[in-house]
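Colleague: Mind looking over this structure? Questions follow.
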Amino acid sequence: MPASSLAQETAEVLSRLGVADSAYTDGSLAVTSPITGERIAEVRENDAAGCELAVAAAEAAFRTWRLVPAPKRGELIRLFGLELRTAKADLGRLVTIEAGKIVSEGLGEVQEMIDICDFAVGLSRQLYGLTVATERPSHRMMETWHPLGVIGVISAFNFPVAVWSWNAAIALVCGDTVVWKPSEKTPLTALATQALFEKAAAKAGAPAGLSSVIVGGRTIGEALVDDTRIAAVSATGSTAMGRAVAPRLAARFARAILELGGNNGAIVAPSADLDLVVRGVAFAAIGTAGQRCTTLRRLFVHDSVYDSLLPRLRKAYASVTIGDPREAGTLVGPLIDKAAFDRMQEALKKARADGAIVHGGERVLEELGGNAFYVRPALVEISAQTEVVRTETFAPILYVMGYMDFDTVLEAHNAVPQGLSSSIFTNDLREAETFLSAKGSDCGIVNVNIGPSGAEIGGAFGGEKETGGGREAGSDAWKAYMRRATNTINYGRDLPLAQGVSFDVE
Ligand code: NAD
């Protein structure tokens with residue numbers, strides 16, 4: 001492999017993070033950096049036998065780990081959080097190199113991992129069950145929560161490490177073990193995370209096989225999904241992936257935590273603070289080059305403010321700094337690859353055919369690499385929610401539509417197959433509360449006066465409809481990683497039956 005300066009930097013970062021160079025030289029999986037489009041590593045892939053070994057080790061580790069008291073399991077995650085703090089700069093840099101995120105977002109992704117570790121450490125002392133009122137005298141009824149088993153984690157390229165940590169930190173304190181199949185586009189950050197985890201596991205004296213990484217594409221993902229030793233699979237990615245994975249899991253009655261595509265909307269009402277809207281929309285629609293599941297893709301603007309807002313948005317779109325994500329001042333980095341660029345152009349073509357006016361969307365900075373794809377984010381004024389608007393295109397395209405009536409816009413907002421994140425910008429209490437109410441947004445994340453992206457780990461994360469229904473990270477999302485037992489204990493001398501049933505055998 002030719003040693004470009006980016007490949008060399010990647011090797012140096014990986015070495016500091018504790019990844020052996022045999023893992024990423026001369027393997028069969030070529031890894032390219034979207035920054036320049038050049039090849040930076042050749043990672044060893046796992047075959048079905050590798051998957052089998054990882055699952056067997058995780059299953060063996062589970063038998064021990066489930067018996068370790070939960071706060072002691074939390075101690076492993078505390079130590080892992082310390083490793084992440086020490087390695088934050090390097091791991092963040094690797095996220096930038098491999099996924100193309102700007103520096104603050106690369107570091108922010110690692111910060112999210114640290115935050116979920118802190119959350120999980122606290123959770124390790126709070127895996128509470130309820131005590132429930134019983135109708136029978138001298139009885140007690142309660143719920144206990146037990147470790148579930150081996151958890152398979154399938155992750156997408158755009159959050160190459162944070163999504164794993166949302167699952168793994170929680171699963172591990174819950175007493176589960178984890179096998180992770182990262183995106184084939186971002187295996188290096190996964191290998192680095194694994195190396196850091198192993199350091200923490202060694203310090204904690206944890207059993208081997210608690211968490212491992214298997215590298216490869218769809219085939220190895222399918223092997224994980226079909227493995228009957230895996231109790232639950234948390235799969236993050238496109239709705240197309242979820243459509244393939246969900247029936248396979250259902251066929252063997254495994255739990256599915258599905259975190260799939262979004263098509264997130266925001267409503268700008270007549271009373272909205274437009275300064276807030278411009279900043280909120282710019283971050284949510286342009287940030288991460290439109291490659292967040294929570295990226296704002298549909299903006300409904302009330303007719304009374306449309307003409308004041310649009311020139312300001314057009315200006316923000318025209319002036320946003322696009323460039324090498326390693327450079328200070330860059331706000332928009334590259335798309336992940338050519339396929340993403342082609343899909344974006346295809347969507348813009350369809351929008352034009354639907355009568356839209358497209359601002360931006362063109363390829364820029366070709367001098368950074370023939371195989372690197374930088375685009376000016378596209379602002380698309382369109383009169384109706386046509387098929388292309390209802391489809392998630394994983395690129396920076398914001399469709400803007402005018403509206404007149406609040407009830408009608410609520411319906412339009414919900415009239416897409418996806419249900420991840422949403423917002424309303426308003427200072428009208430009735431509108432805000434209606435948006436949050438049962439007849440409001442049908443999404444898993446519903447915000448007021450902030451954009452739909454940039455969730456915190458303390459809340460449960462996920463969405464409805466084609467987004468898959470799963471919840472990860474904070475709140476009570478941990479319950480999906482444990483099995484619940486309802487226990488009834490009779491401490492009396494009689495045996496009263498529930499529902500007043502008599503069944504006397506004497
Ligand atoms: P993708 O669906 O192409 O791949 C995601 C992962 O699924 C990869 O690891 C891939 O190898 C694996 N995979 C694909 N087909 C599979 C199959 N049949 N069986 C098992 N595994 C399979 O997605 P991507 O391009 O990496 O990521 C972008 C998509 O992910 C977008 O749609 C985005 O909205 C979504 N996403 C959702 C969330 C969320 O929390 N809801 C978070 C991040 C990304």
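The values are calculated or read from the model by the stated rules, or taken from the named source; none is laboratory data. Fair warning: this is a prediction, and the values are worked out from it, not measured in the lab. Counting neighbours? That spans all protein chains shown, and the Cβs are built from the backbone with ideal geometry, glycine included. Only protein heavy atoms, including side chains, enter the accessible area calculation; ligands, DNA and RNA are left aside. Shrake-Rupley method; radii C 1.70, N 1.55, O 1.52, S 1.80 Å.
Colleague: Can you find a residue that is modelled with pLDDT of 95 or more and closer than 30 Å to Leu6 by Cα anywhere in the range 383-393?
Modeller: Yes, that holds for at least one residue.
Colleague: Go through the range 224-240 residue by residue and tally those that are touching a residue at least 60 places away in the same chain (Cβ under 8 Å) and within 9 Å of the ligand (Cβ to nearest atom).
Modeller: Number of matching residues: 8.
Colleague: If a residue has to be more than 16 Å from the ligand (Cβ to nearest atom), under 27 Å from Arg243 (Cβ atoms) and out of contact with any Phe, Trp or Tyr (no Cβ under 8 Å at 6 or more places or on another chain) to count, how many in the range 408-422 make the cut? Even if it seems obvious, please write down each step before you answer.
Modeller: Going through the range 408-422, the residues more than 16 Å from the ligand (Cβ to nearest atom) turn out to be 408-415.
Narrowing further to those that are under 27 Å from Arg243 (Cβ atoms): 411-415.
Checking the rest, the ones that are also out of contact with any Phe, Trp or Tyr (no Cβ under 8 Å at 6 or more places or on another chain) come to 411, 414-415.
Summing the residues that are more than 16 Å from the ligand (Cβ to nearest atom), under 27 Å from Arg243 (Cβ atoms) and out of contact with any Phe, Trp or Tyr (no Cβ under 8 Å at 6 or more places or on another chain) in the range 408-422 gives 3.
Colleague: Condition first: within 11 Å of the ligand (Cβ to nearest atom), in a loop (DSSP other than H, G, I, E, B) and buried (at least 24 other Cβ atoms within 10 Å of the Cβ). Now tell me which residues in the range 157-177 satisfy that.
Modeller: Asn158, Phe159, Pro160
Colleague: State the number of residues belonging to the range 463-500 that are within 16 Å of the ligand (Cβ to nearest atom) and of a type outside the set (Ser, Thr, Tyr).
Modeller: Counting residues in the range 463-500 that are within 16 Å of the ligand (Cβ to nearest atom) and of a type outside the set (Ser, Thr, Tyr) gives 13.
Colleague: Listed residues Ile116, Ile77; which is surrounded by 17 or more Cβ atoms within 10 Å (Cβ to Cβ), touching a Phe, Trp or Tyr at 6+ places or on another chain (Cβ under 6 Å) and assigned to a helix (DSSP H, G or I)? Walk me through it before giving the result.
Modeller: Values: Ile77 fails: touching a Phe, Trp or Tyr at 6+ places or on another chain (Cβ under 6 Å).
Answer to the selection: Ile116.
Colleague: Separate question: Report, by residue number, each residue of the range 430-464 that is among the β-branched types (Val, Ile, Thr), open to solvent by 30 Å² or more (accessible area, probe 1.4 Å) and within 30 Å of Val161 (Cα to Cα). Don't jump to the end; show me each part of the working.
Modeller: So the first thing to find is which residues in the range 430-464 are among the β-branched types (Val, Ile, Thr), and the list is 434, 445-446, 448, 450, 457.
Checking which are open to solvent by 30 Å² or more (accessible area, probe 1.4 Å) leaves us with 434, 446, 448, 450.
Matches in the range 430-464: Val446, Val448, Ile450.
Colleague: So, in the range 96-154, of the ones that are in contact with a helix residue (DSSP H, G or I) (Cβ under 8 Å, 6 or more places away or on another chain) and of a type in the set (Phe, Trp, Tyr), which residue ends up nearest to Ile170 (Cα to Cα)?
Modeller: Checking each candidate, the answer is Phe119.
Colleague: Only one of (1) within 16 Å of the ligand (Cβ to nearest atom); (2) in contact (Cβ under 8 Å) with a residue 24 or more places away in the chain; (3) farther than 23 Å from Gly440 by Cβ; (4) open to solvent by 10 Å² or more (accessible area, probe 1.4 Å) is not met by Gly290, so which one is it?
Modeller: Checking Gly290 against (1) within 16 Å of the ligand (Cβ to nearest atom); (2) in contact (Cβ under 8 Å) with a residue 24 or more places away in the chain; (3) farther than 23 Å from Gly440 by Cβ; (4) open to solvent by 10 Å² or more (accessible area, probe 1.4 Å), the one that fails is (4).
Colleague: Of the residues Ile382, Ile450, only one is away from the ligand (no atom under 16 Å from the Cβ), of a type outside the set (S, T, N, Q), touching a residue at least 24 places away in the same chain (Cβ under 8 Å) and in contact with a Phe, Trp or Tyr (Cβ under 6 Å, 6 or more places away or on another chain); which?
Modeller: Ile382
Colleague: Which condition from (1) over 16 Å from the mean Cα position of the chain (by Cα); (2) of a type in the set (Gly, Ala, Ser); (3) open to solvent by 40 Å² or more (accessible area, probe 1.4 Å); (4) at pLDDT 95 or above is the one that Gly500 breaks?
Modeller: Going through (1) over 16 Å from the mean Cα position of the chain (by Cα); (2) of a type in the set (Gly, Ala, Ser); (3) open to solvent by 40 Å² or more (accessible area, probe 1.4 Å); (4) at pLDDT 95 or above one by one, Gly500 breaks only (4).
Colleague: Select, from Arg243, Arg255, Arg279, the only residue that is more than 10 Å from the ligand (Cβ to nearest atom), under 14 Å from Gly469 (Cα atoms) and charged (D, E, K, R).
Modeller: It is Arg255.
Colleague: Can you find a residue that is open to solvent by 20 Å² or more (accessible area, probe 1.4 Å), assigned to a helix (DSSP H, G or I) and basic (Lys, Arg) anywhere in the range 133-149?
Modeller: no
Colleague: Given the condition more than 9 Å from the ligand (Cβ to nearest atom) and either in contact with a His (Cβ under 9 Å, 6 or more places away or on another chain) or under 19 Å from Met482 (Cβ atoms) (or both), answer yes or no: does some residue in the range 213-222 qualify?
Modeller: Checked against the condition, which is being more than 9 Å from the ligand (Cβ to nearest atom) and either in contact with a His (Cβ under 9 Å, 6 or more places away or on another chain) or under 19 Å from Met482 (Cβ atoms) (or both), the range 213-222 yields no hits at all.
Colleague: Output yes when any residue across the range 183-203 is surrounded by 23 or more Cβ atoms within 10 Å (Cβ to Cβ), of a type in the set (D, E, K, R) and in contact (Cβ under 8 Å) with a residue 40 or more places away in the chain, and no when none is.
Modeller: Looking for residues that are surrounded by 23 or more Cβ atoms within 10 Å (Cβ to Cβ), of a type in the set (D, E, K, R) and in contact (Cβ under 8 Å) with a residue 40 or more places away in the chain, one finds none in the range 183-203, hence no.
Colleague: Another question, if that's okay. Looking at Arg352, Arg326, Arg376, Arg343, can you tell me which residue is open to solvent by 20 Å² or more (accessible area, probe 1.4 Å), within 16 Å of the ligand (Cβ to nearest atom) and not assigned by the TED database to the domain that holds Asp90?
Modeller: Exactly one residue qualifies, and that residue is Arg343.
Colleague: Of the conditions (1) touching a residue at least 60 places away in the same chain (Cβ under 8 Å); (2) open to solvent by 40 Å² or more (accessible area, probe 1.4 Å); (3) touching an Asp or Glu at 6+ places or on another chain (Cβ under 8 Å), Leu130 satisfies every one except a single condition; which number is it?
Modeller: Just one mismatch for Leu130, condition (1).
Colleague: Just for the range 2-31: of the residues that are assigned to a loop (DSSP other than H, G, I, E, B) and in contact with an Asp or Glu (Cβ under 9 Å, 6 or more places away or on another chain), which one is surrounded by the fewest Cβ atoms within 10 Å (Cβ to Cβ)?
Modeller: Pro2
Colleague: Sticking with this one: Among (1) more than 15 Å from the ligand (Cβ to nearest atom); (2) open to solvent by 10 Å² or more (accessible area, probe 1.4 Å); (3) part of a helix (DSSP H, G or I), where does Gly209 come up short?
Modeller: Failed condition: (3).
Colleague: Could you count how many residues in the range 476-493 are more than 30 Å from Ser138 (Cβ to Cβ) and either of a type in the set (Lys, Arg) or exposed (fewer than 14 other Cβ atoms within 10 Å of the Cβ) (or both)?
Modeller: Looking only at that region, the number is 1.
Colleague: Let me ask something else about it. What are the pairs with Cβ atoms under 8 angstrom where one residue, in the range 11-35, is charged (D, E, K, R) and the other, located anywhere, is surrounded by 21 or more Cβ atoms within 10 Å (Cβ to Cβ)? Sequence gap at least six, or different chains.
Modeller: The qualifying pairs are Arg16/Ala87; Asp21/Leu14.
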